[in-house]
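Please treat every number below as a calculation from the coordinates, not as lab data. Note that this is a predicted model, so its numbers are computed, not measured. Glycine gets a Cβ as well: all are built from the backbone with ideal geometry, and neighbour counts include every protein chain shown.
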Amino acid sequence: MAEKKSCTQALKEAGLSAIKACKLTSLPRATFYRRQLNWRERDRAVIDAIQSVLAKSPQSGFWKYYFRLRFQGYPFNHKRVYRRLGLNLKRRVKKYC
């Protein structure tokens, strides 16, 4: 995908419109315009906050960590904290009547 994006960028710089360049390389225009996010940098605040809570009490469970983070003012979603801790997300089981 990165090769297609760089090829499309080269075609656009050569004078082609973005629409035609995307069609030639069969790259969706949404992908061409979307900015690349660096998740490691974006999650750096989460990792630092988790490390500070873990240093205080390493034997506590997940929900205790999560609520301590919330109490300290971090607005992190519990799924994001789960992901950064390397835990598996619990799947919701459908209840049938």
>> Please compute the modelled spin-label separation between residue 7 and residue 77, points set 7 Å along Cα→Cβ, answer in nm with one decimal.
In response: 3.4
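Test of the criteria: in region 1-75, which trypsin sites (Lys or Arg not before Pro) are in a DSSP loop and have at most 16 other Cβ atoms within 10 angstrom of their Cβ?
Working: sites: 4, 5, 12, 20, 23, 29, 34, 35, 40, 42, 44, 56, 64, 68, 70; in loops: 34, 35.
Qualifying residues, ordered by number: 34, 35.
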> By a straight-distance test (C-alpha under 23 Å), which lysines pair with residue 5 as possible cross-link partners, with residues fewer than eight away in the same chain excluded?
Replying inline: 20, 23
>> Along each principal axis of its Cα atoms, how long is the chain end to end? Whole angstroms, biggest number first, please.
In response: 59, 44, 20
